[in-house]
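Read through the structure below, which is laid out as structure tokens, and then see the notes.
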Amino acid sequence: MTLSEPLPAADVLSLLLRERRSVRAFLPRPVERALIERLLADAACAPSGANLQPWQVHVLTGARLQQVVQRAQAIHHDPEQAAQLQAEYRYYPAEWKPEYAARRRKIGLDLYALLGIGKGDKARMHEQHGRNYAFFGAPVGLLFTIDRSLTQGSWLDCGMFMQNLMLAARAQGLDTCVQAAWIHYHAQLAEWLALPPEQMLLCGMALGYANPDAPENRLVTERAPVERFTTFHE
């Protein structure tokens, strides 16, 4: 095979899967609406039990994105308002098993090391966490909601939709970061964006072009080998 020959489809998919990662610093370069619509159309090919297609997507750009970011930042930096935030559902377990706790701790330490944030530097930790509520500077903020009447199976469908979206974005030279942090603002976002009351916020996602010079974008998370999480029954 020469360099001019295209990669087989299987190799392209494998490359996209391995290249996809959470990017936490973006360039201000805008993403055209036509491209966003194409990505969403590709993502909508995700499998869905009984073809319910339960995903709902709210796309924030331009002035509306900045308005939401400014309001969310104001709450984040106001201890009294921030203390009143409550997530509508629990994303992480109430009690952590050692294996999962270790992975969570490692990614936090690795990220802070790249950013030069030392242990106990609460001010910079607070600042970095607050960048969630600016979509890490991405020009596109996505919010995913689901009808409250639907159950776990439809949540799985939404996860596959989001994975499709992230891979489609990577294929177009874009990057993403899924953000559970936004679930703490579900009540505020419902008000700011006039979300229907029957719609429940699942998470957010930053979408845009990665800043290649940002140190946090050098973070590569470790992945367990196949034999660690797989049991073959033969």
Leaving out same-chain residues fewer than 8 places away, which aspartates and glutamates sit with a Cα under 16 Å from that of Lys119?
Asp110, Glu127
Under Karplus coefficients 6.51, -1.76 and 1.60, residue-wise ³J(HN,Hα) of region 122-129 in Hz, glycine/proline x:
5, 5, 6, 4, 4, 5, 5, 4
Heavy atoms only, 1.4 Å probe, whole protein assembly: order Cys45, Cys158 by accessible area, highest first.
Cys45, Cys158
Choice from Leu165, Leu115, Leu202 with maximal GNM fluctuation in the chain (Cα, 10 Å cutoff):
Leu115
Quick check: pseudo-label points 7 Å beyond the Cα along Cα→Cβ at Glu99 and Ala194, how many nm apart are they?
4.8 nm
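Would you mind getting the accessible area per residue of region 72-147, heavy atoms of the protein chains only, 1.4 Å probe, in Å²?
63 Å²
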Would you work out what percent of the accessible area of the chain, with all protein chains in place, is carbon or sulfur (probe 1.4 Å)?
54 percent
Using per-residue counts of other Cβ atoms within 10 Å, averaged over each peptide, order 91-99, 216-224 from highest down.
216-224, 91-99
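Tell me what the chain gives for mean residue ellipticity at 222 nm when only DSSP H runs of n ≥ 4 count, each as -39,500 (n - 2.57), the sum divided by the residue total, rounded to 500 deg cm²/dmol.
Mean residue ellipticity, 222 nm, calculated: -13000 deg cm²/dmol.
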Region 189-234 - Debye-derived log10 I(q)/I(0), Cα point model, q = 0.18, 0.27, 0.29 Å⁻¹
-0.81, -1.05, -1.12
So, in nm, how far is label Gln152 from label Ala123 when the simple model puts each one 7 Å beyond its Cα toward the Cβ?
4.6 nm
Obtain the nm distance between the two label points defined at Arg21 and Ala87 by a simple spin-label model: each point lies 7 Å from its Cα along the Cα-to-C-beta direction.
2.4 nm
Scattering from the C-alpha atoms of region 131-234 alone, worked out with Debye: what is log10 I(q)/I(0) at q = 0.11 1/Å?
-0.46
How long, wide and thick is region 47-160, going by the Cα atoms along their three principal axes, in whole angstroms, largest first?
50, 43, 28
In units of 2.2 N^0.38 Å, the Cα radius of gyration of region 8-91 is 1.52
Counting only residues 5 or more apart in sequence or on a different chain, those whose built amide H sits under 5 Å from that of Ala25 are Asn211
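The values are calculated or read from the model by the stated rules, or taken from the named source; none is laboratory data. It should be emphasised that the depicted structure is a prediction, and the values quoted were computed from it without experimental measurement. Quick reminder, even Gly has a Cβ in these numbers, built from the backbone with ideal geometry, and neighbours come from all protein chains shown. Just so you know, the surface numbers come from the protein's heavy atoms only, side chains and all, with ligands and any DNA or RNA stripped out. Shrake-Rupley method; radii C 1.70, N 1.55, O 1.52, S 1.80 Å.
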